[in-house]
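Scroll down for the structure; my scribbles are underneath it.
Readers should treat all values here as calculations from the given coordinates under stated rules, not as data from a laboratory. Here the structure is a predicted model, which means the values were calculated and not measured. Reconstructed Cβ throughout: ideal geometry from the backbone, glycine too, with neighbour counts over all protein chains shown.
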Amino acid sequence: MSEYILEANHLTKTYTQRSGRFGFGKSSVKALNDVSIKLRTGKTLAVVGESGSGKSTLARCLLQLQSIDSGEVIFSGKDLAKLDAESLRSVRKDLQMVFQDPFASLNPRMRVGDLVGEGLLIHGLGSAAERQTKVVAMLNRVGLTEADMQKYPHEFSGGQRQRIGIARALVLQPKVVVCDEPVSALDVSIQAQILLLLKELQQEMALSYIFISHDLRVVRHIADDIVVMHQGRVVEQGEVADIYEQPQHAYTQNLLAAIPGKKVVNG
């Protein structure tokens, strides 16, 4: 097995936005500027930075939910950016996402059983009975019940809705899961429960995570490696202990200094 399950090399992504007093002008914003990352197999790579740093754009580009201007995203020996729609669809079940807002990402008109099983249906995996068995097993694993299959998202708390989102992503037994700020909308006490669940599932299912976050306090508890982004660029990367104990870049030092009670050793 390769040491790296997913690699992104020299990614660039530019947005064009209207500017000027009446919006007639146009300006370009470089959301990703020569970004390269490597995700180790079976590990968690945290991508951290403040709002607007480019981390969520990176997440969407890695999964080809957004196109890139240039660069490559290598998964299972294939450059995802060069795959046609059908080929991309065939690998998509191995690349799943857990979204930031567990309510906005769940269709309010669909029952939980259908939400969690939708990916299995789309990819034609198993009979109806087999799909239902997988959905029940996955719901049970994330702390929900078979009876919850008939309920709608609004009937659950924020933490429970995020468990549904996790079940929906993992029922396909993916290899890589991108978690885009998966606990930022939750209370601190619930955050710890969801982080523990994600770690347990990673061990059980041999998952590799990309964990997007602005909160270095949260990242410390789940990540193996960290990439720090600022204004569309990677300014620092390394193993968790190294980044936390001896950050080299001033931006990283400032992020760490913002953690209550954290003393930063400048590089």
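As a length-normalised measure over Cα pairs under 8 Å and 6 or more apart, the relative contact order of the chain settles at 24 percent. Distance between the C-alpha centres of region 221-247 and region 148-190: 26 Å, rounded to the whole angstrom. With Cβ to Cβ distances under 13 Å as the rule, what net charge do the other residues near Lys199 carry (K, R +1; D, E -1)? Taking every other residue near Lys199 into account, the sum is -1.
Exposure proxy for Arg40, Arg18: other Cβ atoms within 10 Å of each Cβ, ordered fewest to most, give Arg18, Arg40.
Provide the packing ranking of 75-88, 174-187, i.e. peptides ordered by the mean count of other C-beta atoms within 10 Å per residue, highest first. Can you show the working numbers first?
Details: 75-88: 13.2, 174-187: 21.4.
Top of the packing list down: 174-187, 75-88.
Counting only DSSP H runs of at least 4 residues, each contributing -39500 (n - 2.57), and dividing by the residue count of the chain, the helix-based mean residue ellipticity at 222 nm comes to -10000 deg cm²/dmol.
Taking amide hydrogens as placed 1.01 Å from N in the peptide plane, the amide H of Ala46 sits under 5 Å from those of Phe211, Asp224, Asp225, Ile226, Val227, each at least 5 positions away in sequence or on another chain.
Full extension of the chain segment joining Lys82 with Thr12 gains 23.7 nm, where the gain is 0.36 nm per residue of separation less the Cα-Cα distance. Contact order for region 57-158, expressed relative to its length and based on alpha carbon pairs under 8 Å spaced 6+ residues apart, stands at 24 percent.
Checking (i) 51, 49, 34; (ii) 53, 42, 34; (iii) 55, 49, 45 against Cα extents along the principal axes in Å calculated from these atoms, the matching label is (iii).
What the phi angles of region 96-105 give under the Karplus curve with 6.51, -1.76 and 1.60, with θ = phi - 60°, is a coupling list of 10, 9, 10, 8, 5, 9, x, 8, 5, 8 Hz, glycine and proline written as x. Can you name the helices of the chain, as whole DSSP H runs, whose Cα span along the helix axis is 15 Å or more and whose Kyte-Doolittle mean is not below 0.5? Both cut-offs are met by 112-122, 188-205.
When Arg109, Arg233, Arg89 are ordered from fewest to most other Cβ atoms inside 10 Å of their Cβ, what list results?
Working: Arg109 8, Arg233 16, Arg89 12.
Fewest-to-most Cβ neighbours within 10 Å comes out as Arg109, Arg89, Arg233.
Judged by the mean number of other Cβ atoms found within 10 Å, the most tightly packed of the peptides 138-145, 44-51 leads the ranking 44-51, 138-145.
Neighbour counts of other C-beta atoms within 10 Å: give me Phe211, Phe103 arranged from fewest to most. Show your work: numbers first, answer last.
Details: Phe211 26, Phe103 15.
Least to most surrounded, the residues fall as Phe103, Phe211.
Between Gln100 and Asp180, the built amide H atoms are under 5 Å apart, and every one of these is 5 or more places off in sequence or on another chain. Bridgeable aspartates and glutamates around Lys43 (alpha carbons under 12 Å apart, same-chain partners fewer than 8 residues away excluded): Glu3, Asp224, Asp225, Glu239.
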